[in-house]
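Written out below as structure tokens is the structure these notes cover.
The values are calculated or read from the model by the stated rules, or taken from the named source; none is laboratory data. Everything quoted here is computed from the prediction, not taken from an experiment. As a convention, Cβ positions derive from the backbone with ideal geometry for all residues, glycine included, and neighbour counts pool all protein chains shown.
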Amino acid sequence: MKARYFAWVRERVGKAEEEIDPPAEIVTVADLIAWLGRRDEGYAHAFENPKIIRAALDRAHVKPEAAIAGAREIAFFPPMTGG
Amino acid sequence: MKARYFAWVRERVGKAEEEIDPPAEIVTVADLIAWLGRRDEGYAHAFENPKIIRAALDRAHVKPEAAIAGAREIAFFPPMTGG
Amino acid sequence: MEISVQREDFDAAAEARRLTQGRGDIGAVVTFVGLCRDEDGQLSTLEIEHYPGMAEGEIAAVAAEAHARWPLKGLRIIHRFGEIGPGEQIVMVATASTHRGAAFAAAEFLMDYLKARAPFWKRARRADGTVEGWVEAKETDEASAARWSRA
Amino acid sequence: MEISVQREDFDAAAEARRLTQGRGDIGAVVTFVGLCRDEDGQLSTLEIEHYPGMAEGEIAAVAAEAHARWPLKGLRIIHRFGEIGPGEQIVMVATASTHRGAAFAAAEFLMDYLKARAPFWKRARRADGTVEGWVEAKETDEASAARWSRA
């Protein structure tokens, strides 16, 4: 699946998007955040506080408990500050 | 004092303004409405339902209990429909 | 100039723009424009009568109250009188503030209070030439104004 | 066209006018414009990042919700991204309805929901050249959106 990062999540991870292939035991969005956070220092910094990370599956907001199975695109970003 | 009439109060009374000189026993706005209502058919029609008549003393909204003493101008009109 | 009571039409956009021109401290502008509806083609013109002097005074009092309640950076109110055709503008209120909450609340307050306090009366002339009665005040307007009263 | 997510500035007045043009059934138009504040001269530009595709989708969902809740005769939303200078427009929402209550409520709802749901992020560049951190979301914005939830 494609992972996309925005705002300071993007800056800390060091890229705007990438293909990821999480193992089968990564079931939920929260699992994926924890898995990504173990990748390297940048990811660890980006995902150090999972509570403030927002996620979207195929461009719809989802909660940490949401299952990622079947999604083609997952995005991670800070709370929105538009408007 | 000058009396001014607006909207359908003006139409029923038949004039936009006039000088009035109510007797001393006419103390409040409500007294004045009752007194004017006894003048002729037009006034009676204008003031037949005192509850829906609004009044202003010297261009400030007042209640029926307000004393008219000292006022230079009193206006009578229906509930406002501006905006 | 904050308040105008006038016969002429107005440029609501230019008025709203004037509130922010050359300023960097405004984050939110809310503009309300009230228009004359054609009542499904039945309406020819709306005649708006007003009480000169008192109308300006009451609108000024309402504006002062809005300034006292919200941190406004600017405010503009225009209310027309005379003959107004279907689709034409009747009234505008524009409010400017740092944040949107104050701008929205003040604009809505101003409209509710204008309806309840400003001495204007509307009468409809129908497309078939007959004059309709005076527009009746709505109880909902009284209620809208009442919700701003402080306990 | 109800919704635009664009880099270019917009003419809020022309957009609002377009909602009423040639119509006699609209009694109220509310226009909100959100502007970039200069933060007492400290701000050079605001950079707005967005999630293309999702931004349009979320705004469309918010607009659909507004149509479902209020009897709107028209609606227009524009949100910019990219570099925005002090005093420039960032966002606009315009709502048209028969009566003012619906137009006001829908406009405020749209802004609250845009803030809470549309994927945009702001970063400030200071006049002295340094880049400030990303603007933090305010708890009051969450609260503003939450007050529209139905029980």
Q. Hey, D:ASP38 hits all of (1) closer than 25 Å to A:PRO78 by Cβ; (2) in contact with a helix residue (DSSP H, G or I) (Cβ under 8 Å, 6 or more places away or on another chain); (3) without any contact (Cβ under 8 Å) to a residue 60 or more places away in the chain; (4) charged (D, E, K, R) but one; which does it fall short on?
A. (2)
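Can you tell me which residue within the range B:59-83, out of those that are assigned to a loop (DSSP other than H, G, I, E, B) and in contact with a Lys or Arg (Cβ under 8 Å, 6 or more places away or on another chain), is farthest from B:ILE26 (Cα to Cα)?
Initial filter on the range B:59-83 (assigned to a loop (DSSP other than H, G, I, E, B)): B:59, B:63-66, B:68-72, B:78-83.
Keeping just the survivors that are in contact with a Lys or Arg (Cβ under 8 Å, 6 or more places away or on another chain) gives B:72, B:78-83.
Numbers: B:ARG72: 15, B:PRO78: 22, B:PRO79: 24, B:MET80: 26, B:THR81: 30, B:GLY82: 31, B:GLY83: 34 Å.
The qualifying residue farthest from B:ILE26 (Cα to Cα) is B:GLY83.
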Q) Are any residues in the range C:81-92 away from chain B (no Cβ under 14 Å) and assigned to a strand (DSSP E or B), and if so, which ones? A) C:GLU83
Q: Would you check if there is a residue in the range C:74-81 being in contact (Cβ under 8 Å) with a residue 24 or more places away in the chain, under 17 Å from C:ARG18 (Cβ atoms), charged (D, E, K, R) and in contact with a Lys or Arg (Cβ under 8 Å, 6 or more places away or on another chain)?
A: yes
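So that you can scan it fast, the table gives a plain yes or no per residue for (1) surrounded by 24 or more Cβ atoms within 10 Å (Cβ to Cβ); (2) under 13 Å from the mean Cα position of the chain (by Cα); (3) at pLDDT 95 or above:
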position	(1), (2), (3)
C:LEU72	no, no, yes
C:LEU75	no, yes, yes
C:ARG80	yes, yes, yes
C:VAL91	yes, yes, yes
C:ARG100	yes, no, yes
C:ALA103	yes, no, yes
C:MET111	yes, yes, yes
C:ALA118	yes, yes, yes
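Go through the range C:93-121 and count every residue that is within 14 Å of chain B (Cβ to nearest Cβ) and in contact with a Gly (Cβ under 7 Å, 6 or more places away or on another chain). Give the derivation first.
The first filter runs over the range C:93-121 and keeps only residues within 14 Å of chain B (Cβ to nearest Cβ), leaving C:93, C:107-121.
Still in the running and in contact with a Gly (Cβ under 7 Å, 6 or more places away or on another chain): C:111, C:114-115, C:118, C:120.
Qualifying residue count for the region: 5.
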Q. Does the range D:24-36 include one or more residues that are within 8 Å of another protein chain (Cβ to nearest Cβ) and part of a helix (DSSP H, G or I)?
A. no
Q: State which residue pairs qualify: first residue over 20 Å from B:ILE52 (Cβ atoms) and inside the range B:5-26, second residue part of a helix (DSSP H, G or I) in any location, beta carbons under 7 Å apart, and separation of 6 or more residues or different chains.
A: B:PRO22/B:LEU32; B:PRO22/B:TRP35; B:ILE26/B:LEU32; B:ILE26/B:TRP35
Q | Hits in the range A:59-83 - residues which are more than 13 Å from every other protein chain (Cβ to nearest Cβ) and touching a helix residue (DSSP H, G or I) at 6+ places or on another chain (Cβ under 9 Å) | A | A:LYS63, A:PRO64, A:GLU65, A:ALA66, A:ALA67, A:ILE68
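Does A:ALA56 satisfy the condition of being part of a loop (DSSP other than H, G, I, E, B), modelled with pLDDT of 95 or more and either within 14 Å of chain D (Cβ to nearest Cβ) or within 28 Å of C:HIS99 (Cβ to Cβ) (or both)? Give the steps one after another, and end with the answer.
Working: part of a loop (DSSP other than H, G, I, E, B): no; modelled with pLDDT of 95 or more: yes; either within 14 Å of chain D (Cβ to nearest Cβ) or within 28 Å of C:HIS99 (Cβ to Cβ) (or both): yes.
No; evaluated as a whole, the condition is false for this residue.
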**Q.** Any hit, the range A:25-41, residues being within 14 Å of another protein chain (Cβ to nearest Cβ) and assigned to a helix (DSSP H, G or I)
**A.** no
Q: Could you identify the single residue in C:GLU39, C:GLU136 that is part of a loop (DSSP other than H, G, I, E, B) and within 14 Å of chain B (Cβ to nearest Cβ)?
A: C:GLU136
